[in-house]
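As structure tokens, the structure follows; a few thoughts come after it.
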Amino acid sequence: MIREKIASDVHSSNLAWNEREEKAIDRITALGMSDALGSALLRFKFANDRSAGKRALHLLANKAAQRLRVELSYAQKLATACIKEYLIDTCGTCNGTGYTIESGHSSKCSKCGGTGAKRYSDSERALAAGLPVESWSKHQKKFDGVMTCMMGSVADTNARARGLLA
């Protein structure tokens with residue numbers, strides 16, 4: 001819910017403040033007071049803000065390089081694959097609903113198992129990161145670390161924004 005509001009708020013021309021009700025300016029301020037990486041990711045995904053996407057990649061790659069003690073160029077590859085998964089997270093077969101309709105009958109989506117989430121294969125992840133498919137298993141643990149770092153920032157940002165708006 002807050003994500004959808006923020007997506008429209010960043011494009012709003014009415015940023016007037018009102019003490020009696022929550023307005024766009026309140027949500028934008030809350031976003032600005034939260035985690036920089038999470039804020040950039042939310043703006044990139046839900047407001048189609050390309051500059052926020054570049055900032056998110058930069059922040060995530062630097063954070064990953066420090067935490068994983070790897071070179072920045074390698075961290076950028078892993079961060080790129082993680083951000084792609086974050087952006088494209090719904091199953092293409094059922095469009096995120098978890099169900100498909102065939103011949104007038106609704107059934108659980110066989111591609112995502114009814115979750116509505118896109119499942120990425122190791123080869124898709126390797127290609128997104130620009131790494132050799134055959135050696136992806138060597139990179140999986142570090143990829144998981146970058147993904148955990150990224151999703152933690154998103155969760156922190158959502159929680160912080162909700163807390164500030166409560």
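Among the residues of the stretch 109-121, those that are exposed (fewer than 14 other Cβ atoms within 10 Å of the Cβ) and out of contact with any strand residue (DSSP E or B) (no Cβ under 9 Å at 6 or more places or on another chain) comprise Gly113, Arg119, Ser121.
The set of residues in the stretch 91-103 being under 23 Å from Met151 (Cβ atoms) and exposed (fewer than 15 other Cβ atoms within 10 Å of the Cβ) consists of Gly92, Asn95. Only one entry in Ser106, Ser153 is at pLDDT below 95, exposed (fewer than 15 other Cβ atoms within 10 Å of the Cβ) and either within 16 Å of Leu68 (Cβ to Cβ) or out of contact with any helix residue (DSSP H, G or I) (no Cβ under 9 Å at 6 or more places or on another chain) (or both), namely Ser106.
Within the stretch 95-127, track down each residue that is out of contact with any Ser or Thr (no Cβ under 9 Å at 6 or more places or on another chain) and part of a strand (DSSP E or B). Passing the criteria: Glu102, His105.
Condition check for Val133 on (1) β-branched (Val, Ile, Thr); (2) touching a residue at least 60 places away in the same chain (Cβ under 8 Å); (3) in contact with a Ser or Thr (Cβ under 6 Å, 6 or more places away or on another chain): one failure, at (2). Applying the set (1) within 18 Å of Val146 (Cβ to Cβ); (2) modelled with pLDDT of 90 or more to Ala36 leaves exactly one unmet item: (2). When the stretch 122-149 is filtered for residues that are exposed (fewer than 15 other Cβ atoms within 10 Å of the Cβ) and either under 26 Å from Ala40 (Cα atoms) or not polar (S, T, N, Q) (or both), the ones remaining, listed by number, are Asp122, Gly130, Pro132, Val133, Glu134, Lys138, Gln140, Lys141, Asp144, Thr148.
Before we move on, is Asp144 modelled with pLDDT under 95, within 15 Å of the chain's Cα centre (by Cα) and within 22 Å of Ala56 (Cβ to Cβ)? It is false that Asp144 is modelled with pLDDT under 95, within 15 Å of the chain's Cα centre (by Cα) and within 22 Å of Ala56 (Cβ to Cβ). Right, Thr80: outside any helix (DSSP H, G or I) and either of a type outside the set (Lys, Arg) or closer than 19 Å to Glu124 by Cα (or both) or not? No; evaluated as a whole, the condition is false for this residue.
Being of a type in the set (Val, Ile, Thr), more than 13 Å from Leu41 (Cβ to Cβ), touching a residue at least 40 places away in the same chain (Cβ under 8 Å) and touching a helix residue (DSSP H, G or I) at 6+ places or on another chain (Cβ under 8 Å): is that true of Val70 here? For Val70, the condition - of a type in the set (Val, Ile, Thr), more than 13 Å from Leu41 (Cβ to Cβ), touching a residue at least 40 places away in the same chain (Cβ under 8 Å) and touching a helix residue (DSSP H, G or I) at 6+ places or on another chain (Cβ under 8 Å) - is met. Here is a check on your reading of the model: is Lys63 assigned to a helix (DSSP H, G or I) and either without any contact (Cβ under 8 Å) to a residue 12 or more places away in the chain or in contact with a Lys or Arg (Cβ under 9 Å, 6 or more places away or on another chain) (or both)? In short, no.
The values are calculated or read from the model by the stated rules, or taken from the named source; none is laboratory data. Computed from a predicted structure; not experimentally measured. Heads up, the Cβs are rebuilt from the backbone with ideal geometry, glycines too, and the neighbour counts pull from every protein chain shown.
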